[in-house]
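Since every read-out is calculated from the coordinates, none of them should be taken as a lab result. Here the structure is a predicted model, which means the values were calculated and not measured. Glycine gets a Cβ as well: all are built from the backbone with ideal geometry, and neighbour counts include every protein chain shown.
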Amino acid sequence: MKNYFRKGSMGIGQVLFITFFIIFIVFPVFSFLIDKNIARLVASEIRESLDMSVIGAYNAVNENQYGKKAVDISQKPLENEFLKLFCKNMKLDKDLSPKDGSVLEYPITINELEYFGPDKIGDSCPCGNEVVRPMVHLNFTFSLNPTLYRRVINRMSGKDKFSISIGYDIELPYDK
């Protein structure tokens, strides 16, 4: 049997096969994994900022009712305070477009922001989760630039970026 891998005997077919394998299998898989990890890290950063912003807004709106069992706040003040804190945390303008130093590349869209108070315990949020304590339901969409191979695929389909939409529930402190 011939030894195809001895020194100096690698044929053009083997070189083409290895090149094909690297360019069309290894690089795209690596590129996909990079895109997936970048999206996961950005989503994690946004979730952490949402947590901090919602709790901060809740505390700012609720400051004169600490220690009370039934906390009643309205949607609009909570939403205004939340947007102010979220823009500061994520380095965003008031229209939710990124400033320099932000982890986002495109404006973030907050599709839903809904407060479920103590009177709504037992109901379910738009994601289908049961409300067991006061919470804020958020649904947001953000976009990212893809890396090399996904960028080529997106351009063939007429898109420059890919968008990710996430529903997120944040429970609030509540003294029963």
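Structural remarks
- From phi via Karplus (6.51, -1.76, 1.60), per-residue ³J(HN,Hα) for the range 86-97 in Hz, x at Gly/Pro: 5, 4, 5, 5, 9, 6, 10, 6, 4, 8, 6, 8
- Neighbourhood charge, 15 Å Cβ-Cβ cut-off, centred on residue 29 and excluding it, Lys, Arg +1 and Asp, Glu -1: +1
- Lys, Arg +1 and Asp, Glu -1 on Cβ, resulting dipole of the chain about Cα centre, debye, nearest 20: 1320 debye
- Rough spin-label spacing in nm, given labels placed 7 Å along Cα→Cβ, for residue 29 and residue 162: 1.7 nm
- Distance between the C-alpha centres of the range 40-60 and the range 93-155: 10 Å, rounded to the whole angstrom.
- 3J(HN,Hα) couplings calculated from phi for the range 144-159 with the Karplus curve 6.51 cos²θ - 1.76 cosθ + 1.60 (θ = phi - 60°) are, in sequence order, 9, 7, x, 7, 2, 6, 5, 4, 5, 5, 5, 5, 5, 8, x, 10 Hz; Gly and Pro show x.
- MRE, 222 nm, helices only [DSSP H, n ≥ 4, -39500 (n - 2.57), over the chain, to nearest 500]: -13500 deg cm²/dmol
- Over 23 Å (Cα to Cα) - which of 36/161; 91/159; 99/161; 36/159; 88/161 fall in this group: 91/159; 88/161
- Among the listed options [x] 50, 18, 13; [y] 25, 19, 15; [z] 33, 22, 13, the one matching semi-axes √(5λ) of the Cα gyration tensor in Å as calculated from these coordinates is [x].
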